[in-house]
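Structure first, then comments.
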Amino acid sequence: MNIALIGFMGVGKTTVSHALSERLGIEETDIDQWIVEKTGRPIAEIFEKEGEQAFRDRETEAIKELASGDGRILSCGGGAVLRACNVEALKRDGVIVLLTAEPETIFERVRCGKSRPVLNGNMNVGYIAHLMEKRRPAYEAAADFAVPTDGKPVEQIAEEIAERIGDKL
C-alpha cells in the first residue's frame, strides 16, 4: 500500500513525508522533485516556458508510474488531485491523506519562496484563501482522511497519520 499526501502548497507535504518515511521505514518520493530530476528543469521553468497544462501532463505521468509501485509515500503537488485520473491512480493501491492549514499559515510558509508559479503575482492571503476554497472540494473528495498541520510539530502530524492508517500497512 502507498500513502499519498495531498493538499494545498505550503501545508507541509514534503516535510511530513520525510518524517513519515523515517517513522514507518518506507521510501518516499516527492512528485515535483521527481519531475525536476526527470526533466532537468525547475517546475517554475516548465510553467513559464510550456504552461501549466504541460506540467500537469508530466505530473499525471509521474503519478501513474509511481503509484503503480507498492510501499511508498508520495508527496503530491498542490494541484495533483484536480485530475480524476490522478486520484484514481493514487487510490488504486493506497490511502490518500489530506494535509490542511489556514491561509495565513500557508502565506507565512511560502511568502519568501520563488518556486510557487501558481502564486506568481498573487502572493497574498486573500488570493491563497480564494484558490484554497476553489480546490477544497477536489481535496476533500479525494481524501480518505484529513490532518490539520497548523501549530503542530511534524512528528505529531506523522504520528497522527501512522495511527490513522494503522494495520493497513
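Rounded to the nearest 20, the size of the Cβ-charge dipole of the chain about its Cα centre is 420 debye, with Lys and Arg at +1 and Asp and Glu at -1. Taken along the Cα-to-beta-carbon direction at a fixed 7 Å, the label points for T39 and R164 span 3.0 nm. Within the range 1-158, antiparallel bridges make up roughly 0 percent of the DSSP beta bridges whose residues both belong there.
For E28, the residues whose modelled amide H falls within less than 5 Å of its own, excluding neighbours fewer than 5 places apart on the same chain, are I73. Kirkwood analysis of the Cα pair distances in the range 2-73 returns a hydrodynamic radius of 13.0 Å. Using R0 = 22 Å, the C-beta based FRET efficiency linking E155 and N124 works out to 0.10. Separation of the range 46-92 and the range 131-152 by C-alpha centroid, Å? Centre-to-centre (Cα) distance: 17 Å. Figure note: L131, L24 ranked by solvent-accessible area, largest first, 1.4 Å probe, ligands and nucleic acids not counted: L24, L131. Semi-axis lengths, largest first, of the ellipsoid equivalent to the range 130-169 are 23, 15, 5 Å, with √(5λ) applied to each eigenvalue of the Cα gyration tensor. Each peptide in 55-62, 72-79, 138-145 gets a packing score, the mean of other Cβ atoms within 10 Å over its residues, and the list from highest to lowest is 72-79, 55-62, 138-145.
At q = 0.08 Å⁻¹, work out log10 I(q)/I(0) for the chain with the Debye formula, treating every Cα as an identical point scatterer and leaving solvent out; two decimals please. So the normalised log intensities work out to -0.21.
Spin-label model, A141/E61: points 7 Å from Cα along the beta carbon direction are separated by 2.6 nm.
Secondary-structure-derived ellipticity at 222 nm for the chain, considering helices only, amounts to -16500 deg cm²/dmol, per-run term -39500 (n - 2.57) for DSSP H runs with n ≥ 4.
The values are calculated or read from the model by the stated rules, or taken from the named source; none is laboratory data. Source: prediction; values computed, not measured. Ideal geometry is used to build each Cβ from the backbone, glycine not excepted, and the neighbour counts take in all protein chains shown. Note: areas computed on protein heavy atoms with side chains; ligands, DNA, RNA excluded. Shrake-Rupley method; radii C 1.70, N 1.55, O 1.52, S 1.80 Å.
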